[in-house]
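The values are calculated or read from the model by the stated rules, or taken from the named source; none is laboratory data. Since we're looking at a predicted model, the values are computed, not measured. Heads up, the Cβs are rebuilt from the backbone with ideal geometry, glycines too, and the neighbour counts pull from every protein chain shown. What goes into the accessible areas is simple: the full protein's heavy atoms, side chains included, and nothing from ligands, DNA or RNA. Shrake-Rupley method; radii C 1.70, N 1.55, O 1.52, S 1.80 Å.
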Amino acid sequence: MRIGIDLGGTKIEVIALDDNGQALLRKRVATPRDDYPATVETIAALVEWVEQETRQRGSVGVGIPGTLSPCTGKVKNANSVWLNGQHLDKDLQTRLQRPVRMANDANCMAVSEATDGAGIGMKTVFAVIIGTGCGSGIALNGKVHSGGNGVAGEWGHNPLPWMDEEEWRIQQTVPCYCGKSGCTETFISGTGFMQDYERLSGQHRSVAEIVQLAAAGDRLAERALLHYERRLAKALAQVINLLDPDVIVLAGGMSNADRLYGSLPSLITPWVLGHECQTPIRKAVHGDSSGVRGAAWLWPQGDAG
């Protein structure tokens, strides 16, 4: 049995998978925000609950909204800031009395989709979460690739490539929370899409509402969506020029705009070196469950227990 934990800023989710990847149990509880000891104890309690309910002992994998520093072994870059500077993996190993594997939540999503999702059978999977923010992860041969500095996949904090005049203007007025300006995240996150529509219309609407308006023929919503598609295409073309993954998998709120899967391929191609691109763009099979499933799959088949 594989136990996966998805540690988020508002909820902690647990799942138990059997050897075939079928979910045995799952549960969500509130995250004890700003309380590190309580966070460790909540995760441990969820693992113990699963094992009591199933009467099995499982391997444990944890997805976190940050990464483990290869220099210090401590959590860094977590937007759940009470985790930063902590030896979370070691503290959980001590509490649970077993090895614990840990990875960035977007990397967990990449592993999930590479194992039994939209990237199954693919050697290199680039997985993108485009929701409130913009995160991405890389799976190579079904395993996390986190890089020598632990920041592989931090695609959203590179500049949006090939900016036009309007994008240059936005860069000057919309800073990224990381402290820089012009980050891809500020343009292609769901938040960036809503802000672009608000600049055009003067109205604040949700992602789903704007997409529905565009489908109904609303001129300003359609314009915002065209802006979004072009920006996402440029950003993904940059990934293809650098990594050339076998598949790109989209998750998060913006991934539910189904027209993206028809429009992106032709929009990406002009920005790819050589003007040829056959990279499939697919929607995540496991949706919101990809992160917690990927955490469980940090222990691959034949390696759990």
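Would you point out which residue out of L264, L260, L242 is open to solvent by 70 Å² or more (accessible area, probe 1.4 Å), without any contact (Cβ under 8 Å) to a residue 60 or more places away in the chain, among the aliphatic types (A, V, I, L, M) and under 26 Å from G119 (Cα atoms)?
L242
Any idea how many residues of the stretch 1-24 are touching a helix residue (DSSP H, G or I) at 6+ places or on another chain (Cβ under 7 Å), closer than 18 Å to N107 by Cα and open to solvent by 10 Å² or more (accessible area, probe 1.4 Å)?
1
Residues checked against (1) of a type in the set (K, R); (2) modelled with pLDDT of 95 or more; (3) closer than 30 Å to C134 by Cβ; (4) surrounded by 13 or more Cβ atoms within 10 Å (Cβ to Cβ):
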position: R26; (1), (2), (3), (4): yes, no, yes, yes
position: A30; (1), (2), (3), (4): no, no, yes, no
position: R33; (1), (2), (3), (4): yes, no, yes, no
position: T42; (1), (2), (3), (4): no, yes, yes, yes
position: W49; (1), (2), (3), (4): no, yes, no, yes
position: Q52; (1), (2), (3), (4): no, yes, no, no
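Tell me, yes or no, whether the stretch 274-294 has at least one residue that is touching a Pro at 6+ places or on another chain (Cβ under 9 Å), open to solvent by 10 Å² or more (accessible area, probe 1.4 Å) and within 14 Å of I130 (Cα to Cα).
Yes, the stretch 274-294 has at least one match.
Could you give every pair whose Cβ atoms fall below 8 Å, whose first residue belongs to the stretch 11-22 and is among the basic types (K, R), and whose second residue is open to solvent by 10 Å² or more (accessible area, probe 1.4 Å), counting only separations of at least 6 or pairs across chains?
Pairs that qualify, where the first residue is among the basic types (K, R) and the partner is open to solvent by 10 Å² or more (accessible area, probe 1.4 Å), are K11/R28; K11/V29; K11/A30; K11/T31.
If the requirement is being part of a loop (DSSP other than H, G, I, E, B), open to solvent by 30 Å² or more (accessible area, probe 1.4 Å) and not polar (S, T, N, Q), which of these qualifies: R205, R199?
Checking each option against the conditions leaves just R205.
Filtering the stretch 148-183 down to residues that are among the aliphatic types (A, V, I, L, M) and under 24 Å from W271 (Cα atoms), which residue is surrounded by the most Cβ atoms within 10 Å (Cβ to Cβ)?
Among them, the one singled out is L160.
Report yes if R230 is open to solvent by 60 Å² or more (accessible area, probe 1.4 Å) and over 30 Å from M122 (Cβ atoms), otherwise no.
Taking the combined requirement at face value, the residue does not satisfy it.
From the set of residues in the stretch 67-80 that are free of Cβ contacts under 8 Å to residues at least 40 places away in the same chain and either closer than 20 Å to L96 by Cβ or among the β-branched types (V, I, T) (or both), which is surrounded by the most Cβ atoms within 10 Å (Cβ to Cβ)?
Among residues in the stretch 67-80 that are free of Cβ contacts under 8 Å to residues at least 40 places away in the same chain and either closer than 20 Å to L96 by Cβ or among the β-branched types (V, I, T) (or both), the one surrounded by the most Cβ atoms within 10 Å (Cβ to Cβ) is V75.
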